[in-house]
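The values are calculated or read from the model by the stated rules, or taken from the named source; none is laboratory data. Because the structure is predicted, anything quoted here is derived from the model rather than measured. When we count neighbours, we look across all protein chains shown, and the Cβ atoms used for this are built from the backbone with ideal geometry, even at glycine. Protein only, heavy atoms only, side chains kept; ligands, DNA and RNA dropped before computing areas. Shrake-Rupley method; radii C 1.70, N 1.55, O 1.52, S 1.80 Å.
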Amino acid sequence: MRVWQAAFAPPAAELAPQPADLVLVFGSFDIFDGPDLAARLASAFPGAVIAGCSTAGEIAGDAVLDGSCTVTAIRFDRGGDAVAVEADIASAADSQQAGEVLGKALAARPGLSGVLLFARGVGVNGSALIDGLSSRLPAGLPVSGGLAGDGGAFVRTLVLGPSGVSDSRAVAVGFYGRSLHLGLGSVGGWEPFGPARKVTKAVGNLLLQLDGEPALNVYKRYLGDYARDLPASGLLFPFELLNGNHDSVGLIRTILGIDEAAGGLILAGTVEEGFFLRLMHASTDGLVDGAEQAGAIAAAGSEGGGGAQGDRLALLVSCVGRKLVMGDRVEEEVQAVADRMGPGAVLAGFYSYGEIGPMRDLVDCRLHNQTMTVALLTER
């Protein structure tokens with residue numbers, strides 16, 4: 001496998017035609033919303049599968065960029081192949097069905113070894129999307145990716161696939177052939193505080209009551225002065241999801257918005273009544289340590305050794321909330337992953353509105369918030 005990368009603002013105009021099997025593109029909303037992006041990329045990479053999304057920040061090498069577009073081209077050497085499929089998501093209610101459409105299309109072709117999923121970051125139920133996808137895929141198949149961003153505005157996000165750029169779509173890239181392998185790692189690094197509180201009323205991703213009290217009231221009480229800045233400050237204080245024994249299930253849920261009339265919190269993923277939630281906070285050092293762990297897990301799960309530069313791709317998807325917490329030190333978490341990847345790996349990725357990866361030691365993938373998720377693609 002050979003991987004090369006470039007970052008542009010604007011993208012594609014400087015790109016000479018190059019042979020590639022797969023091209024992953026992550027960029028700012030303004031660049032994705034500009035004219036002719038898909039056509040320019042198709043001209044630069046004739047015959048390649050092209051997929052990606054708008055972001056809340058781009059990752060290229062060990063750097064974090066804003067307002068740019070990163071283009072990462074992959075050429076397989078040992079018979080591997082990539083195929084992209086799409087599904088429309090007109091509203092969040094369509095998420096489960098869209099996932100099923102993607103999964104059915106990918107599974108129809110033999111030899112599927114892994115999947116990357118990119119979807120709109122607002123107006124979507126990410127948990128339902130992944131559940132629908134997984135329901136049509138072989139058990140234990142590695143799935144990674146993330147939800148698109150728009151620089152932290154949470155208004156309109158864009159996805160790039162075979163049909164071009166869209167604000168109401170999901171695209172899944174399937175890898176085929178025994179030579180291709182995805183090693184996955186997903187770790188947070190956040191610390192819990194305060195008591196566990198029972199989810200007594202929730203509808204999908206709308207959390208309405210904790211311990212019988214309006215969830216928004218409880219949340220504002222814990223945030224204190226930070227409550228004035230809701231919903232933006234919700235990115236700094238996510239929830240940890242606990243089971244009936246108050247043990248962590250390995251999922252974090254970010255607050256994306258508030259519903260004053262209902263007294264509820266709009267979360268980035270679903271929660272179920274009867275589970276428990278506990279608030280979390282983080283330091284930069286803790287988040288960097290979590291990113292390093294994610295990189296180590298992904299590297300340990302890969303089946304290819306380091307070699308010449310460009311023989312592996314490490315796809316990093318981190319949460320916009322982590323970027324806000326770390327501020328000027330945000331590149332440290334990317335550098336921590338780079339240190340774990342070793343020689344030969346090219347790093348690409350983006351800051352997202354939801355990360356897709358495994359739950360701790362389990363292979364089954366779920367929607368995460370506030371994690372660093374790493375997918376290491378190797379060719380045996």
Between the Cα axis of helix 331-341 and the main Cα principal axis of the chain, the angle (0 to 90°, nearest 10) is 50 degrees
In the chain, what percentage of the DSSP-assigned beta bridges are antiparallel, given to the nearest 5?
80 percent
Nearest 10 degrees is fine. How inclined is helix 284-300 to the longest principal axis of the chain, computing both from alpha carbons?
50 degrees
The stretch 5-76, relative contact order in percent, only Cα pairs under 8 angstrom and at least six apart counted
50 percent
For a quick check of understanding: with a 1.4 angstrom probe and all protein chains in place, what accessible area in square angstrom does Met341 have, to the nearest ten?
10 Å²
What percent of all Cα-Cα pairs in the chain falls in each 20 Å bin, counting up from 0?
32, 59, 9, 0
Taking a probe of 1.4 angstrom, what is the accessible area of Arg169 in Å², to the nearest 10?
40 Å²
Let me see the P(r) profile for the stretch 162-273: every Cα-Cα distance counted, bins of 10 Å, each bin given as a percent of all pairs.
12, 37, 26, 17, 8, 1
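Could you work out the longest stretch of the chain that avoids the GluC sites (Glu not before Pro) located in DSSP loops with at most 14 other Cβ atoms within 10 Å?
On the way: sites that count: Glu14, Glu260, Glu272, Glu273, Glu303.
In short, 15-259.
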Going through the stretch 192-246, which chymotrypsin sites (Phe, Trp or Tyr not before Pro) have at most 15 other Cβ atoms within 10 Å and a DSSP loop state?
Phe193
All lysines inside 24 Å of Lys201 as judged from Cα atoms, apart from same-chain residues fewer than 8 positions distant
Lys220
Could you pull the Cα extents of the stretch 193-259 along its three principal axes, largest to smallest, in whole Å?
33, 21, 21
For the chain, what does -39500 (n - 2.57) per DSSP helix run (n ≥ 4), summed and divided by total residues, give at 222 nm, in deg cm²/dmol to the nearest 500?
-6000 deg cm²/dmol
What is the sum of charges, Lys and Arg at +1 and Asp and Glu at -1, for the other residues whose Cβ falls under 13 Å from the Cβ of Gly286?
-4
Kirkwood-Stokes translational diffusion coefficient of the stretch 1-122, alpha-carbon pairs, 10 °C, 1.306 mPa s, µm²/s:
101 µm²/s
Taking only Cα atoms, what is the 0 to 90° angle, nearest 10, from helix 126-135's long axis to the longest principal axis of the chain?
60 degrees
Just the number, please: carbon plus sulfur as a percent of the accessible area of the stretch 1-105, 1.4 Å probe, no ligands or DNA/RNA counted.
49 percent
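How high is the relative contact order of the chain? Use alpha-carbon pairs under 8 Å, at least six apart in sequence, and give a whole percent. It would help to have the intermediate numbers written out before the result.
Values: 1085 pairs, mean separation 80.1, N = 380.
Relative contact order for the chain comes out at 21 percent.
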If the reach is capped at under 16 angstrom between alpha carbons, list the aspartates and glutamates near Lys104, excluding any in the same chain fewer than eight residues apart.
Glu86, Asp88, Asp94, Asp131
Compare the Cα positions of Val374, Gly146, Gln97 along the charge dipole of the chain (+1 at Cβ of Lys, Arg; -1 at Cβ of Asp, Glu; about the Cα centre) and return the one farthest towards the positive end.
Gln97
Given the stretch 3-70 reduced to its alpha-carbon atoms as identical point scatterers, what log10 I(q)/I(0) does the Debye formula return at q = 0.11, 0.15, 0.26 Å⁻¹?
-0.22, -0.42, -1.27
Amide H to amide H under 5 Å from Ala60: which residues, 5+ apart in sequence or cross-chain, H placed 1.01 Å off N in plane?
Leu65
Net charge dipole size for the chain [Lys, Arg +1 and Asp, Glu -1 on Cβ; Debye, nearest 20]
660 debye
